[in-house]
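None of the figures in this text is laboratory data; all of them are computed from the coordinates on show. These numbers come from a predicted model, not from an experiment. Because the Cβ atoms are built from the backbone with ideal geometry, glycine has one as well, and the counts that use them run over all protein chains shown.
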């Protein structure tokens, strides 16, 4: 292996790290002890995420501390204390109770980063309902699909988003009883209620019902290579892991001002943009604006942000705005002295970005790794430990990780339910985790078969390929399947292919991730056309626009290529692996399953 750059830990950190001695803490850690750091519902009535995130701080005398500092698109700043957040969430819980929405019934959000989103999420959890956040940039198709798969009973959104993305499909969503509109609402918008009016009529007081730790609390959809999106189920017990991992991996302390730039429509924005920091009783920055390098530096400076959790794509966008050549005028024109810790997640963080943080911002960027299914950070670079740029880091205390031998399909080899752990360092295999951490997903909603397939030999199989060096640091290699990770978002190629094939000109589609220096990967689609249609630049633009309308800009392809001879298996499945190899100039590998001309002419039968 080439000599590895190592960034040494600070000898005199500004704040003593929560995890000071990695080996010692791993040896003594116990999830039951981590549970004792939380309060539990009064009277021993269970464990509720919203109580731990809001009410217990009020009970402990921190009601006047600012919980949310919300920055509008117009730069107006509104602060919400923990006491105010407790009252607002009580009101929304009362709204749901008056609507007859009960325990474990699904409440979906389709909102940007606004105060009402935080109220809705935490108020739903107080009412022991299930929160399912949706990314506001999703198109109508993905929104309808997730509302239907998740048995949505309530949707909280804006009038504009409702009209564009939900209204046309409302008749196909029989479970969706209530739609609450945040902000302006036309009186002629049928089947909707005003959010503000409902909140004004609700009381400030609310008693949280007994909540079992294993009671369903969160539903996060994640894409797969085939079939529909999967709804990962998480329970109230997950808050134990949210709290503990935020202390270790993000090094949160009580007086921190914290900014997570992830959209709450994704799991990071929920787990570490809402729940985890609020359980620590700190101030959370909420920015309603879009990415802009000057705006971001200004927020870091003006709000005295101390801990910043962002995405590799965002870091690379900042790097573009502040090139390495010449003086770093932009970041150095802002006072970032309050900032003491930066972390990143969503996709692999390239070593150059880690070093850029050290050189330009004065702090290295600490990468970490986790998934929708894990519910919380599993592997990280810690504040008190050396950083090996490009590495995911090491497992958190309470997390056991291993590298498993792979089979012919690229995934972990499973024989009679058994797997083989690779002990040899720097050998590629599938990353696996030993089940048992509190935020581990408890199932895929209505899909036990897909859930059971995630486990073998008493390990959870992550689908990510990694290697582990001789010192125990893990390094990401790639996905074992075809899921595309673009700007931190997991995109299932099947979903994109299906949308493209709704266009009357498209006969077949194959979708891959194409490497991109900013987003990590972009979605590229290869399409074959039906008779009577010819490839053209105009048709390519039409297909891109069609996909954006169906899927939204975060999911739709950025590039289209026409190919009347897409490589297929003998069973007729487009071979994405081969498309990717040809696009990138890589070896094609085993093509024994490739459909021949003869088999195509005979209907694809081998």
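Taking label points 7 Å from Cα along the Cα-to-Cβ direction, residue 330 and residue 405 give a separation of 5.0 nm.
Remark: relative contact order (the range 380-506) = 23 percent; criterion is Cα-Cα distance under 8 angstrom and separation of 6 or more residues. Over the range 443-598, the ratio between the Cα radius of gyration and 2.2 N^0.38 Å evaluates to 1.17. Shape descriptor for the range 40-235: Rg over Rh equals 0.96 (Cα atoms; Rh from the Kirkwood inverse mean 1/r). When 51, 334 are arranged by Cβ crowding within 10 Å, least crowded first, meaning fewest neighbours, the order is 334, 51. Only beta bridges with both residues in the chain are counted; by DSSP, about 55 percent of them are antiparallel. Expressed in Å, the radius of gyration and Dmax of the Cα atoms of the range 100-192 are 12.1, 32. In the P(r) worked out for the chain, what percent of Cα pairs fall beyond 38 Å? Result: 32 percent of Cα pairs exceed 38 Å. Give, to the nearest whole percent, the P(r) tail of the range 466-530 beyond 18 angstrom, counting all Cα pairs. Summing the P(r) tail past 18 Å for the range 466-530 gives 49 percent.
Would you mind checking the range 469-502 for residues with the amide N under 13 Å from a putative spin-label position 7 Å along Cα→C-beta of residue 424? Under 13 Å, as judged by backbone N against the label point of residue 424, lies no residue of the range 469-502.
Extending 7 Å from the Cα toward the beta-carbon at both residue 507 and residue 103 defines two label points whose distance is 5.6 nm.
Between residue 469 and residue 205, the contour length at 0.36 nm per residue exceeds the alpha carbon distance by 89.7 nm. The stretch between residue 338 and residue 359, if pulled fully straight at 0.36 nm per residue, gains 5.9 nm over its current Cα-Cα span.
The overall shape of the range 449-491, judged from the alpha-carbon gyration tensor, is oblate: a/c is not under 1.5, and a/b is no greater than b/c. Taking every alpha-carbon pair under 8 Å whose residues sit at least 6 apart, the range 40-235 reaches a relative contact order of 22 percent. Put in line by how crowded their Cβ is, counting other Cβ atoms within 10 Å and starting with the fewest, 114, 260 read 114, 260. In this simple spin-label model, placing a label point 7 Å from the Cα along the Cα-to-Cβ direction at both residue 197 and residue 518 gives a separation of 4.3 nm.
Overall, the anisotropy analysis places the range 1-82 in the oblate class: the square-rooted eigenvalues a ≥ b ≥ c of its C-alpha gyration tensor yield a/c not less than 1.5, with a/b not exceeding b/c. Based on the Stokes-Einstein relation at 20 °C and a viscosity of 1.002 mPa s, and on the Kirkwood radius from alpha carbon pairs, the range 137-231 is assigned a translational diffusion coefficient of 140 µm²/s. Put the Cα centre of the range 88-118 next to the Cα centre of the range 276-319 and the gap is 26 Å. Considering only alpha-carbon pairs that sit under 8 angstrom and 6 or more positions apart, the relative contact order computed for the chain is 13 percent.
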